[in-house]
Amino acid sequence: MTGLFGLDRTLLWLLGRLTSLWVRPTALPLEQAEGLRGRGRRVLYVLEHRSLADLLALTLVCRSLGLPSPARRFQLGAAREPLATIFLERNRGWLRPRVDRRVPGRLRRLVAAALAAHDCDVDFVPVSVFWGRAPAKERSWFRLLFSEDWTLVGPVRRLLSTFVNGRASLVRYGEPVALGAFTAPGDEDARRPARRATRAMRLEFRNARAAVIGPDLSHRRTVIAEVLRKRPVRVAVAAEVRDRHLSRRDALQLARRYALEIAADYSPRFVAVMEGVLTRVWNRLYDGVEVLHAERLELASEGAQVVYVPCHRSHMDYLLLSYVIYTRGFAVPHIAAGVNLNLPVIGRFLRKAGAFFLRRGFRGNALYPVVFTTYVSVMMQRGHPIEYFIEGGRSRTGRLLQPKTGMLAMTLRSFLAGPTRPVVFVPVYFGYERLVEAETYIGELSGTPKQSESVRGLVRGLGVLRRRFGRVYVSFGEPLSLVEHLDSQAPEWRAAAAAGRPAWLPRAVDSLALAIQSRINSAAAISPVSLLALALLATPRQAMPEADLVRQLDLYRRLAARAPYAADVWCTPHDGAAIIEYGHSLGMVETVSHALGPVVRMSEENAVLAAYYRNNILHLYALPSLIACAFMNNPALRSEDVQRLAWRIYPYIAQELFLRWSEAEVPAVVDALLETLGEQGLLERSADRSVWRRPRTGATEAVQLSVLAHATLEVIERYYLAIALLLKAGPGSITQDALQNRCHLMASRMSLLYELRSPQFFDKTLFRGFLDLLRERDVVQVGAGGCLGYDQALLDVAADAQFVLSEQIRHSILQVTHG
């Protein structure tokens, strides 16, 4: 019975029973493991090492899931084996183990038998067993001493690890591979197919280990030494010697100081301890962390270089994403963090958790960007997942910011310099029901100077641990393959990969950034808080009769279900009444009794904060709202008029909100939305199906249509304000910077006069984006002295805005611009 480690089968069974008293392995991914049931094909498990502990752990998991046992006898043709398991490698030696990497004899025998019997109806299932890496298990420093890493261990260390981490073990199932995939016509014996299978299994085990515990990272000093040896750094150091008259030693020391300032000092043991700490923090702060589409972590990590690109809403983003990734059994990414977070003590902790730091600007320093780019390239070549926020900073309005493409450009250049493994971007959406920094954001939008991060500020902020912040949503968007993106944007990229900075690179980076932002938005979560904000902020006093509010909330939920923005969008299952009750529990709304029926309202303070949560999902309802806007000033419209208005305004609102449709797709989307609004009774179609009418004034559906329209009405008002100011100044009379400042001041004045509760209404960056797009589309032109000129195209845009906006709204805007 040498195939059973020299043990009688009865004794092996007894050891399995004894092991089950202590070992509690976790199977991941569970869907992959359960998919092995009922396949109708024979299963042959492949373990990386010849380990009795690994075999017993796999046996326990297979028994609990009802899968074929790896300890059963296995017959294939003339070959009869005592185990249905192949051990890819075996260690020789006890005190100083070494690896025997020869093709396993059992694999050769089974392949030979399959070829002789012409029977390849067998699936190889690679299974990785990790001791001390199960999610939500590790709490003890003693256990961490024996947790899984890349080090080769002997039987004694494995025995101790099994005993110490038996309840913190992970069994990871790989994708089944048919035996026939390793055979080819002309194979006369088993040697070549067996070698092919061995190589494929080794690659699978290497990828699995990198996905679970991260790639094999040397000590930080070794990584820095590798960065300093790279040719780009040596060339940049030589330039410093030449241009700044430094000695070579001083230039190298400067490059080393930059590398030390940048580099992470990742510690798996520190991360495991912090997982326990963060679990307690989340339980204290939040009512729950909802993780959506987590299966995409598995899809993205299959042999690829993973780059996580989340939206940036809060300082909690770093911690939440790393926590979610770690508790799903994947390696924590290295995170690009601003050097402002490199605080005493805190900076060291962040480095231990995988943070590497970058300065906000590189201007005037030729050496630093080369060292930073090379460090990123080294980490990618080593296969470690990376995370960065392409918005640059946290959004103060709840909307996605215009992307800063520096990190994306570095990623593309690193890939082009050595495309050894595919790069996959994983967009991530964060949705908070209450935001820790909400009051700070509102103050900054209102003109309060931004407070720099400091240890003292962090200590003062610990008071938030006494408050509750509802639920938080972490949603993984559709992964984006860099190779596929380059194939669509620059098919010649392979030939030009080594040609420095090709001319198409800036275009490819910009389009990649927009695609990522669009996929983040497509993974949005519609929470009860965001729906309350969307409905109540559309009313003049942030108040509605309770019955009307219930109907409006249910309408939004039906629109999300019947005309979904994207397949990945998640919507709360609560109905309107339950959403209002939930808002009460968070202190967001209050109900006031009245003889004609209760009224639900927000306080002034909550109304300003609620704009942030509304903006998280505004893009999901932007196009239905724009269509509703067209009927506020027009009782009836032909389908072609609605299409013309949508065609006119869509490019600008799509650029502001990162909407997912191209301009060519908009007509079909508008037609589908008109049909959906008709099904909900918000619009009525004429008998000849050419004209759409709004419901009669005073009808319940007319009220719902009006509230829906007001969700984006202020966007059109902002555009009209900018156009009105440009028309008032006249062609060739004002520069873009001056017009932006004037727009900001006039919008701020409107907010004071009409009590608008949206600080982003007078946000300078939104006016800048609108004017930039007007220039890009040649609606306005830059003339002598940088002054803006225009022609009939701008007048047409103004006419369409007048067509949508009521006379009262237009008069209010013109009155402010006149003043």
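The values are calculated or read from the model by the stated rules, or taken from the named source; none is laboratory data. This one's a predicted model, so the numbers in the text were calculated from it and none came from an experiment. Cβ atoms come from the backbone with ideal geometry, glycine included; neighbour counts cover every protein chain shown. Just the protein is used for accessible areas: all its heavy atoms, side chains included, with ligands, DNA and RNA removed. Shrake-Rupley method; radii C 1.70, N 1.55, O 1.52, S 1.80 Å.
Odds and ends about this structure:
- In order along region 679-688, the phi-based Karplus estimate (6.51 cos²θ - 1.76 cosθ + 1.60, θ = phi - 60°) of 3J(HN,Hα) comes to 4, 7, x, 7, 9, 10, 9, 5, 4, 7 Hz; Gly and Pro are listed as x.
- Efficiency of FRET from Cβ geometry, residue 65 and residue 339, R₀ 51 Å, rounded to 0.05: 0.60
- Summed over qualifying helices (DSSP H, 4 residues or more, each -39500 (n - 2.57)) and divided by its residue number, the chain shows a 222 nm mean residue ellipticity of -16000 deg cm²/dmol.
- Sequence-separation-based contact order of the chain, relative, with Cα cut under 8 Å and 6+ spacing, percent: 9 percent
- Cα long-axis angle, helix 736-754 against the chain (0 to 90 degrees, to the nearest 10): 70 degrees
- The smallest convex shape that holds all Cα atoms of region 684-741, its convex hull, gives 135 Å³ per residue.
- FRET efficiency, 1/(1 + (r/R0)^6) with R0 56 Å, evaluated for residue 360 and residue 121 via beta carbons: 0.40
- Trypsin sites (Lys or Arg not before Pro) lying in DSSP loop within region 599-707, provided at most 12 other Cβ fall within 10 Å: 689, 696
- Options 53, 28, 85, ranked by Cα towards positive dipole end of region 1-85, top entry (Cβ charges): 85
- What the Kirkwood sum gives for region 13-135 is a hydrodynamic radius of 15.6 Å, with every pair of different alpha carbons counted.
- Taking all protein chains as they are arranged and a probe of 1.4 Å, the heavy atoms of residue 710 leave approximately 80 Å² accessible to solvent.
- Rounded percent of accessible protein surface that carbon and sulfur make up, the chain, 1.4 Å probe: 54 percent
- Whole-number D in µm² s⁻¹ for region 673-819, Kirkwood Cα-pair radius fed into Stokes-Einstein, 4 °C, 1.567 mPa s: 76 µm²/s
- Distance from region 697-718 to region 579-594 (C-alpha centre basis), Å: 23 Å
- The residues 391, 807, sorted by heavy-atom accessible surface at 1.4 Å with ligands and nucleic acids left out, run 807, 391 from largest to smallest.
- Dipole magnitude of the chain about its Cα centre (Cβ charges: Lys, Arg +1; Asp, Glu -1), debye to nearest 20: 4400 debye
- Entries of 230/404; 728/764; 352/764 with Cα pairs more than 31 Å apart: 352/764
- For the chain, the share of DSSP beta bridges that are antiparallel, to the nearest 5, is 50%.
- Here each label is just a point 7 Å from Cα along the line to Cβ, and for residue 728 and residue 249 those points are 6.8 nm apart.
- Take the chain with all the other protein chains still there, run a 1.4 Å probe, and you get 44 Å² of accessible area per residue.
- Evaluating 6.51 cos²θ - 1.76 cosθ + 1.60 at θ = phi - 60° for every residue in region 639-656, the Karplus couplings come out as 4, 5, 5, 4, 5, 5, 5, 5, 4, 6, 9, 4, x, 6, 6, 5, 5, 6 Hz, glycine and proline recorded as x.
- Residue among 207, 292, 617 farthest towards the positive dipole end of the chain, charges placed on Cβ: 207
- Three-way shape call for region 191-338 based on the alpha-carbon gyration tensor, with the a/c threshold at 1.5: oblate
- Distance between the modelled labels on residue 13 and residue 484, one decimal in nanometres: 4.9 nm (7 Å Cα→Cβ projection).
- Here the extension length gained between residue 638 and residue 672 equals 10.7 nm, from 0.36 nm per residue of separation less the Cα-Cα distance.
- For region 249-258, Karplus couplings with θ = phi - 60° (6.51, -1.76, 1.60), whole Hz, Gly/Pro x: 4, 5, 5, 5, 5, 5, 5, 5, 4, 4
- Rounded tilt (10° steps) of 700-729 against the dominant C-alpha axis of the chain: 70 degrees
- Both radii come from the Cα set of region 611-743: Rg as radius of gyration, Rh as Kirkwood radius; their ratio Rg/Rh reads 1.02.
- Working from the Cα coordinates of region 537-640, the gyration tensor eigenvalues give, after taking √(5λ), semi-axes of 25, 18, 14 Å in decreasing order.
- Rounded, prolate or oblate (a/c below 1.5 giving rounded, otherwise prolate when a/b exceeds b/c) for region 251-367 by Cα gyration tensor: prolate
- Shape category assigned to region 352-405 from the gyration tensor of Cα positions, a/c cut at 1.5: oblate
- Antiparallel DSSP beta bridges within region 466-608, as percent of all bridges there, nearest 5: 75 percent
- Angle of helix 576-585 to the longest C-alpha principal axis of the chain, folded into 0 to 90 degrees and rounded to 10: 80°.
- Restricting region 295-383 to GluC sites (Glu not before Pro) that sit in a DSSP loop and have at most 15 other Cβ atoms within 10 Å of their own Cβ leaves 302.
- Accessible area (Å², 1.4 Å probe, nearest 10) - residue 314: 0 Å²
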